[in-house]
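Input: a single structure, listed below in structure tokens.
The values are calculated or read from the model by the stated rules, or taken from the named source; none is laboratory data. Predicted model only: the values in this text are computed from it and were never measured. Cβ: placed from backbone, ideal geometry, glycine included. Neighbour counts: every protein chain shown.
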């Protein structure tokens with residue numbers, strides 16, 4: 001059985017790797033954006049992003065100094081042996097990764113303004129749970145969510161009569177207003193549902209999907225394509241200097257809404273989308289995103 | 001679009017050569033300040049208390065780095081820019097009172113800073129946001145750190161750099177603002193974006209927040 005200690009170390013390893021190595025799908029999308037770009041300043045920006053990604057890998061240092069707020073998504077089997085231990089294990093792994101990588105201490109007391117120094121604090125790291133019936137396994141995903149790209153994040157309730165078009169307009173307006181601030185090319189997550197908090201949770205969850213991955217429902221997938229095209233038609237470009245690629249992708253997650261309300265959540269991620277997942281089975285821990293870590297074990 | 005390589009201290013004459021869209025690399029000393037650092041610096045200046053470092057002719061970097069303590073030294077591991085817009089409320093006054101010549105950040109700054117750049121011969125430049133490892137590569141040494149009580153990201157880091165860049169000039173000393181020009185284009189594109197999601201012209205004006 002995978003021990004508590006091993007699991008903690010593996011989670012810390014994953015967090016560290018997430019801060020240093022940009023996942024392949026994001027790298028590919030940035031390379032394509034670079035090849036496609038003909039705006040001189042935008043091309044220069046994309047070149048420095050790609051150079052940066054390479055240097056981070058070679059020198060094993062965080063690719064961005066803002067190593068984010070740590071948000072964990074757990075899908076745990078009801079019979080996962082370490083279920084009850086997970087919150088503590090994740091907290092310890094966070095502290096370990098903060099020291100070993102190192103990550104920037106980014107947990108600040110809301111009232112006093114004091115930085116805890118180890119990326120933990122009141123309700124942080126944040127954990128979202130999903131329980132899988134009859135399973136003994138668990139999947140743990142970490143997101144290192146940068147602060148700058150939280151500026152345009154919002155949840156808003158619109159009259160349902162405005163429809164999905166009206167909801168997507170909220171997202172387009174958010175990107176329009178944000179300009180260069182959230183470090184484009186961004187990834188746009190949109191959540192549609194009955195209440196602001198549900199929409200926002202779905203929006204953030206939409207950012208967990210890999211670049212190019214579409215919603216299983218074809219009608220939602222079509223909206224994702226449209227939203228991506230619309231955002232890129234704005235022409236803010238990389239870092240807002242103009243150009244083709246304002247967003248690398250757009251993802252939409254949905255929940256059935258209330259007859260009288262349509263809530264829209266918009267979550268924006270900078271180009272440095274740092275998300276990674278590992279799976280814990282009975283006897284081993286497998287890295288699903290940063291797969292090279294499996295060989296190092 | 002020309003490319004320049006400057007060493008600190010940088011003169012007003014040098015800065016006046018720079019136009020929006022130009023590329024700049026800086027060698028010498030770069031100083032960091034973020035929100036709390038700006039607040040404290042202005043507090044000192046308004047009380048007539050000297051700053052621990054002379055900013056005149058220097059480059060100010062909006063950054064909260066990832067650093068590692070190695071013996072009695074600090075090493076910068078990652079140091080990309082932070083969003084400059086948050087510092088708009090401080091920067092014009094800071095420029096006027098310190099004689100700083102080059103500001104480095106990301107995301108652009110507003111009209112007050114643009115006006116201060118014009119009046120005092122300063123440029124605002126951007127380093128690619130998120131490119132923290134690339135930035136750190138040209139930081140040779142942390143000469144010293146002040147105001148560490150503000151926390152690592154907010155402290156005043158005095159960094160010796162070599163060929164720090166590429167920086168893109170987005171506000172020049174003529175008061176030209178590159179982002180204002182891009183924004184004008186983007187405003188024109190907004191209708192196109194709306195039409196892609198199928199929004200008709202009379203639906204464009206509907207403001208969600210006005211709903212009641």
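Brief remarks follow.
- Residues within the range A:101-131 that are farther than 21 Å from residue B:154 by Cα and in contact (Cβ under 8 Å) with a residue 40 or more places away in the chain, tallied: 7
- Which numbered condition residue A:239 misses (of (1) under 23 Å from residue A:163 (Cβ atoms); (2) touching a residue at least 12 places away in the same chain (Cβ under 8 Å); (3) crowded, with 18+ Cβ neighbours inside 10 Å): (1)
- Any hit, the range A:45-54, residues being on the phi > 0 side of the Ramachandran plot and either within 10 Å of chain B (Cβ to nearest Cβ) or touching a strand residue (DSSP E or B) at 6+ places or on another chain (Cβ under 6 Å) (or both): no
- Residue within the range A:89-99 that is in a strand (DSSP E or B) and within 14 Å of another protein chain (Cβ to nearest Cβ) present: no
- Residue in the range B:196-212 that is nearest to the other protein chains (Cβ to nearest Cβ), counting only those that are part of a helix (DSSP H, G or I) and modelled with pLDDT under 95: B:208
- Residues in the range A:202-221 that are out of contact with any strand residue (DSSP E or B) (no Cβ under 6 Å at 6 or more places or on another chain), surrounded by 13 or more Cβ atoms within 10 Å (Cβ to Cβ) and part of a helix (DSSP H, G or I): 1 in all.
- So residue A:131, is it in contact with a strand residue (DSSP E or B) (Cβ under 7 Å, 6 or more places away or on another chain), assigned to a strand (DSSP E or B) and buried (at least 21 other Cβ atoms within 10 Å of the Cβ): no
- Residue in the range A:6-25 that is at pLDDT below 95 and touching a strand residue (DSSP E or B) at 6+ places or on another chain (Cβ under 9 Å) present: no
- Applying the set (1) surrounded by fewer than 24 Cβ atoms within 10 Å (Cβ to Cβ); (2) modelled with pLDDT of 95 or more; (3) part of a loop (DSSP other than H, G, I, E, B) to residue A:282 leaves exactly one unmet item: (2).
- Positions within the range B:90-145 being over 15 Å from the mean Cα position of the chain (by Cα), within 10 Å of another protein chain (Cβ to nearest Cβ) and more than 22 Å from residue A:246 (Cβ to Cβ), in sequence order: B:133, B:136, B:137
- Exclusive hit being farther than 19 Å from residue B:21 by Cα, touching a helix residue (DSSP H, G or I) at 6+ places or on another chain (Cβ under 9 Å) and surrounded by 23 or more Cβ atoms within 10 Å (Cβ to Cβ), set B:92, B:79: B:79
- Scanning the range A:153-201 for residues that are under 30 Å from residue B:106 (Cα atoms), within 12 Å of chain B (Cβ to nearest Cβ) and either free of Cβ contacts under 8 Å to residues at least 24 places away in the same chain or in a helix (DSSP H, G or I) (or both) yields A:167, A:168, A:169, A:170, A:171, A:172, A:173, A:174, A:175, A:176, A:177, A:178.
- Complete set of residues in the range A:256-275 that are surrounded by fewer than 24 Cβ atoms within 10 Å (Cβ to Cβ) and closer than 24 Å to residue A:69 by Cβ: A:275
Results for (1) touching a strand residue (DSSP E or B) at 6+ places or on another chain (Cβ under 8 Å); (2) touching a residue at least 60 places away in the same chain (Cβ under 8 Å), shown as yes or no for each residue.
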| site | (1), (2) |
| --- | --- |
| B:1 | yes, no |
| B:5 | yes, yes |
| B:11 | no, yes |
| B:37 | yes, yes |
| B:61 | yes, yes |
| B:76 | yes, yes |
| B:91 | yes, no |
